[in-house]
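To keep things clear, I will list the structure first and then write my remarks on it.
Readers should treat all values here as calculations from the given coordinates under stated rules, not as data from a laboratory. A quick note: this is a predicted structure, and the numbers were derived from the prediction, not measured. Glycine also receives a Cβ, built like all others from the backbone with ideal geometry; neighbour counts cover every protein chain displayed.
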Amino acid sequence: MINYYQTHEESLAEVGAKFDLLPTQVSYWVNIFQRDGIEALKPHQKGRPPKVNKKHNPKHIRHLAERNELDRLKEELAKKNQELHQAKLELEITKKSLALFGPSKHAPKHK
């Protein structure tokens, strides 16, 4: 739109009508462009910058700690499940051994 305004002999109102803009908006953008260049017309962050860096944000730190704790608990659960599976296998082997061979001579007798 600015390029068109600069290369054609049309008024702000005519350029505004062609691009469906108010003449004041065309004037504002042309002035900004002439004063500060194309960079001034690019989108930029609005509002006040945050005071706290996200890395130091207490909520962010708490979230990371909870996620690390969750990962640790998942690993611990997997380890316990592996131990349980191993104990069940050993029990099954013992039961089958007793069924096939009977109790050993050195096994204590239950009363």
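What are the ³J(HN,Hα) values, in whole Hz, obtained from phi via the Karplus relation 6.51 cos²θ - 1.76 cosθ + 1.60 with θ = phi - 60°, for each residue of the range 14-19 in sequence order, with x given for Gly and Pro?
5, 5, x, 5, 5, 9
Nearest 10 degrees, 0 to 90: what angle lies between the long axis of helix 58-101 and the longest principal axis of the chain (Cα atoms)?
Value to nearest ten degrees: 30.
Please give the Cα centre distance for the range 1-41 versus the range 63-102, rounded to the nearest Å.
73 Å
Report the charge-dipole magnitude of the chain in Debye, nearest 20, computed about the Cα centre from +1 at each Lys and Arg Cβ and -1 at each Asp and Glu Cβ.
1560 debye
Given only helices, namely DSSP H runs of n ≥ 4 each adding -39500 (n - 2.57), what is the per-residue ellipticity at 222 nm of the chain, to the nearest 500 deg cm²/dmol?
Mean residue ellipticity, 222 nm, calculated: -21500 deg cm²/dmol.
I want to verify the translational diffusion coefficient of the range 1-90 in µm²/s; compute it with Stokes-Einstein, Rh as the Kirkwood radius over Cα pairs, at 10 °C and 1.306 mPa s.
D, rounded to a whole number, is 83 µm²/s.
Taking the 0 to 90 degree range and rounding to the nearest ten, how far is the long axis of helix 23-36 tilted relative to the main principal axis of the chain, both from C-alpha atoms?
Taking the Cα atoms of the chain, the angle to 23-36 is about 80 degrees.
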